[in-house]
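Enquirer: Have a look at this one before I ask anything.
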Number of protein chains: 2
Amino acid sequence: MKNVIITIGREYGSGGHYIGKMLAEQLNIPCYDKELLVEVAKGGEYSQEMVEKNDEKPNGFMYSLFGGTSSYGLPLNQRVFLAQFEKVRELAEKGPCVFVGRCADYVLSDRENVLNVFIYTDMETKRQRVIEYYGVPEKKALETIKKTNKKRAEYYNFYTDKKWGNASNYHLSIDSKIGVEKVVELIKKYIELM
Amino acid sequence: MKNVIITIGREYGSGGHYIGKMLAEQLNIPCYDKELLVEVAKGGEYSQEMVEKNDEKPNGFMYSLFGGTSSYGLPLNQRVFLAQFEKVRELAEKGPCVFVGRCADYVLSDRENVLNVFIYTDMETKRQRVIEYYGVPEKKALETIKKTNKKRAEYYNFYTDKKWGNASNYHLSIDSKIGVEKVVELIKKYIELM
């Protein structure tokens with residue numbers, strides 16, 4: 001395995017999380033997604049509940065008002081972001097791994113040998129996926145997908161100077177409609193070519 | 001070779017045209033880029049010069065005023081677009097091929113077995129490329145790149161209901177910084193997986 005760190009940005013419902021896990025498993029390297037939050041909570045400053053509640057939340061003015069501003073001056077969700085930011089850099093130092101979400105592409109933009117991937121797909125494929133695999137009720141599927149992806153975009157656009165889902169942020173963007181296993185194959189091919 | 005039609009959207013300076021040619025050559029199928037214009041001109045209604053002058057030109061209000069409105073009611077560049085539109089559909093009927101630019105992804109959006117690819121890269125890579133391969137003077141490189149890509153975006157955004165360079169328009173978006181030969185390898189891998 002080359003000394004590569006893979007970051008995966010992903011639309012909710014695209015299977016990006018599953019792709020990250022499968023890729024990491026096949027490459028025999030760690031995958032950090034929600035695990036990152038556990039790692040942050042281990043630091044002791046924030047409880048896991050606090051971290052989870054403030055994970056990938058957008059940071060508009062309204063949210064700052066009601067999300068709770070702390071004595072440190074920064075709203076809690078921004079402090080959680082910064083703690084994750086540091087954790088991503090720290091884990092990247094340890095060697096090859098996969099990061100799913102958390103603006104890891106942006107956090108690691110000054111590193112060499114980072115492969116930034118974006119996973120997305122059409123609405124119908126996402127809808128079927130969240131009903132079948134995420135257990136979202138059929139009636140709520142569309143709304144949940146739209147809401148979650150809107151939040152992810154806001155989060156990414158707020159913390160980075162880029163636009164979520166714009167091809168030029170990533171080395172590789174893949175529509176997962178072709179199938180998650182095949183997406184993993186393609187990413188491995190890219191790593192082989194690096 | 002599977003019965004696949006490949007469309008390539010590309011930033012000016014990314015090597016997308018070269019990638020299209022190389023891919024078509026390796027797959028032993030035709031590649032249409034400027035060739036499309038020759039095909040349109042063959043139809044007889046427009047001279048090749050007319051077609052070339054109006055190729056991939058954006059269509060703002062100002063352009064409509066000064067670009068020349070014809071007796072047919074539509075500005076010339078729109079009529080050239082429509083003639084290309086028809087030619088793309090006609091050529092796609094003949095079998096596997098590669099289309100570079102000309103909104104072919106949009107034109108063929110109702111067809112099965114179409115692979116839409118977008119090629120782009122960072123500004124410095126584009127700058128080096130246009131100086132080395134396109135013969136653009138160093139002093140003019142940046143300006144030429146920005147201007148040409150602005151026009152391409154305007155053209156695409158005008159004729160389609162999508163945003164140029166947004167990952168979700170394509171099955172696959174690849175940063176060509178990795179090298180044009182490797183991009184071709186990756187596209188071939190995708191076709192193999194289809």
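The values are calculated or read from the model by the stated rules, or taken from the named source; none is laboratory data. Because the structure is a prediction, the values reported are computed rather than measured. With ideal geometry, Cβ positions are generated from the backbone for all residues, glycine too; neighbour counts draw on all protein chains shown. When the accessible area is computed, the model is the full protein with side chains, heavy atoms only, and any ligands, DNA or RNA have been set aside. Shrake-Rupley method; radii C 1.70, N 1.55, O 1.52, S 1.80 Å.
Enquirer: Given the conditions (1) of a type in the set (Lys, Arg); (2) touching a Ser or Thr at 6+ places or on another chain (Cβ under 7 Å); (3) surrounded by fewer than 16 Cβ atoms within 10 Å (Cβ to Cβ), and given that B:LYS126 satisfies all but one, which numbered condition is not satisfied?
Expert: For B:LYS126, the failing item is (3).
Enquirer: Kindly evaluate A:GLU143 against the criterion of being away from chain B (no Cβ under 14 Å) and over 27 Å from B:ASP175 (Cβ atoms).
Expert: Working: away from chain B (no Cβ under 14 Å): yes; over 27 Å from B:ASP175 (Cβ atoms): yes.
Criteria met by A:GLU143.
Enquirer: Right, another one. Give me a count of the residues in the stretch A:104-121 that are open to solvent by less than 50 Å² (accessible area, probe 1.4 Å) and touching a strand residue (DSSP E or B) at 6+ places or on another chain (Cβ under 8 Å).
Expert: Residues flagged as open to solvent by less than 50 Å² (accessible area, probe 1.4 Å) and touching a strand residue (DSSP E or B) at 6+ places or on another chain (Cβ under 8 Å) within the stretch A:104-121 amount to 11.
Enquirer: Here's something else I'd like to know. Hey, could you check the stretch B:171-194 for residues that are within 7 Å of another protein chain (Cβ to nearest Cβ), in contact (Cβ under 8 Å) with a residue 12 or more places away in the chain and over 16 Å from A:LYS182 (Cα atoms) and say which is surrounded by the most Cβ atoms within 10 Å (Cβ to Cβ)?
Expert: Among residues in the stretch B:171-194 that are within 7 Å of another protein chain (Cβ to nearest Cβ), in contact (Cβ under 8 Å) with a residue 12 or more places away in the chain and over 16 Å from A:LYS182 (Cα atoms), the one surrounded by the most Cβ atoms within 10 Å (Cβ to Cβ) is B:ILE174.
Enquirer: Report yes if A:ASN59 is in a helix (DSSP H, G or I), open to solvent by less than 20 Å² (accessible area, probe 1.4 Å) and modelled with pLDDT under 90, otherwise no. Before you say what the answer is, go through the steps one by one.
Expert: Details: in a helix (DSSP H, G or I): no; open to solvent by less than 20 Å² (accessible area, probe 1.4 Å): yes; modelled with pLDDT under 90: yes.
For A:ASN59, the condition - in a helix (DSSP H, G or I), open to solvent by less than 20 Å² (accessible area, probe 1.4 Å) and modelled with pLDDT under 90 - is not met.
Enquirer: Right, next: Of the conditions (1) away from every other protein chain (no Cβ under 11 Å); (2) more than 18 Å from B:PHE99 (Cα to Cα); (3) of a type outside the set (A, V, I, L, M, F, W, C); (4) in contact with a helix residue (DSSP H, G or I) (Cβ under 9 Å, 6 or more places away or on another chain), B:LYS163 satisfies every one except a single condition; which number is it?
Expert: (1)
Enquirer: Name, by its number, the condition in (1) away from every other protein chain (no Cβ under 12 Å); (2) within 30 Å of B:VAL184 (Cα to Cα); (3) not charged (D, E, K, R) that does not hold for A:MET123.
Expert: For A:MET123, the exception is condition (1).
Enquirer: Might you check whether a residue that is out of contact with any helix residue (DSSP H, G or I) (no Cβ under 7 Å at 6 or more places or on another chain), among the small types (Gly, Ala, Ser) and farther than 19 Å from A:THR121 by Cα occurs anywhere in the stretch B:130-138? Write out each step before concluding.
Expert: So in the stretch B:130-138, the residues out of contact with any helix residue (DSSP H, G or I) (no Cβ under 7 Å at 6 or more places or on another chain) come out as B:132-135, B:137.
Add one more test, that the residue is among the small types (Gly, Ala, Ser), and what stays is B:135.
If we keep only those that are farther than 19 Å from A:THR121 by Cα too, we end up with B:135.
There is at least one residue in the stretch B:130-138 that is out of contact with any helix residue (DSSP H, G or I) (no Cβ under 7 Å at 6 or more places or on another chain), among the small types (Gly, Ala, Ser) and farther than 19 Å from A:THR121 by Cα.
Enquirer: Run B:VAL100 past the list (1) more than 10 Å from chain A (Cβ to nearest Cβ); (2) of a type outside the set (Asp, Glu); (3) without any contact (Cβ under 8 Å) to a residue 40 or more places away in the chain and report the number of the one that doesn't hold.
Expert: (3)
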